[in-house]
Every structure is written in C-alpha cells, then in structure tokens.
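Just so you know, all these numbers are worked out from the coordinates, no wet-lab data involved. The structure presented is a predicted model; accordingly, all values stated were derived computationally and were not measured. No Cβ is skipped: glycine too gets one built from the backbone with ideal geometry, and neighbour counts run over all protein chains shown.
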C-alpha cells in the first residue's frame, strides 16, 4: 500500500469523526505523510512477513488518528508513532502466538529502543544510500531484491521461477545483502 492509498483510507475512516478544530486532520495528515516512510521501515524491521507490515500500518494509522488529540505539538511525532507501532506489533504477536515468529518480545524491545535512539535524518540518510546502492546492482540482483523484499515472494517461489535451487537463491541473497551493507556503510560514513 502506498502513501496516497493510506492517506485516502485514513480520510475515509475519519470522515465521520468530529474534529476539535478545522486544522486537526490537516496537521495529522501532514505529520503522518512526512513520517510514513520511516514508520513503514520501522514496522518492516520488526516483522518477518511483509503482509503483517501492511496490517500493522493500517492498525497503527487508525490508532495514531484516534489518539492524535493526545499528541503534544512540537514533540517528536515519529518517536510517538514508533511506540504505537511497537504496541501493535506486540499485539499481533499475542494474537498469533501459535505461529512461529523469528523475533520474540525482548528482541522487539531492543530493536525499538535502537530505532528510537537514532535520528530521523540518520535513518533517511541510510535509506537514500540504500536506494543508491540498489541502483548500482546488476539488473538480475535488483530483480532478486525486488522479488524477495518488495513483492514478498518466498525463496522457493524465486527459485522455481528462475530455475535455481533454493540454496542458490539463499546464497545470492546473502551475497547481495553483504554488498548492500558494505555500500550503505561507505556512503553514510
């Protein structure tokens, strides 16, 4: 779901809610849109499955709107949003206790704390560096990254589609992640 779809969904969901003043919705949408990418990255960091990220972002968006009247102006909107997202992730984990997740609550707390301690500028700088680094990959490796992380295709699907073994796909993903990590570190130092 892109930012525009998310904004349209929020507008629809909030259409019948009374506003404290005329500008409340506009202030919320401005802050929300300005921080959406960082919030999405934060949620993606905490969740192993892309489908869950979209669900969490929807729930968090509605929670943020419902509680926006409690947000203190001139404070850190993204830090506030990260806390809401963290709570939504933990709620999801409670709902899906029987499913095997890669991360436990302690790990979520560690990642959330680390994320909150970094500035938005630092996160945005790394994101921009990552985009540049991905552009520097071969088209084949860009497609692999896109299949796995943006289209949320499984390793088995990627392997079958490309006539490769799953081990080969895992090895390629490992190599490309190392390449991207090295490139991002160089660009952000």
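Assuming R0 = 30 Å, what is the FRET efficiency of residue 154 and residue 90, from their Cβ-Cβ distance, to the nearest 0.05? The calculated FRET efficiency here is 0.75. Residues 26, 180, ranked from the fewest to the most other C-beta atoms within 10 Å, line up as 26, 180.
Tell me, in nm to one decimal, what length is gained between residue 123 and residue 45 on full extension, where the rule is 0.36 nm per residue of separation less the Cα-Cα distance?
26.9 nm
Applying 0.36 nm per residue to the separation of residue 132 and residue 170 and subtracting their alpha-carbon distance, the gain on full extension is 11.4 nm.
Set the Förster radius R0 to 35 Å, insert the Cβ-Cβ distance between residue 143 and residue 74 as r into 1/(1 + (r/R0)^6), and round the FRET efficiency to 0.05. Numbers along the way, then the final one.
On the way: r = 44 Å, r/R0 = 1.26.
Computed FRET efficiency for residue 143 and residue 74 comes out at 0.20.
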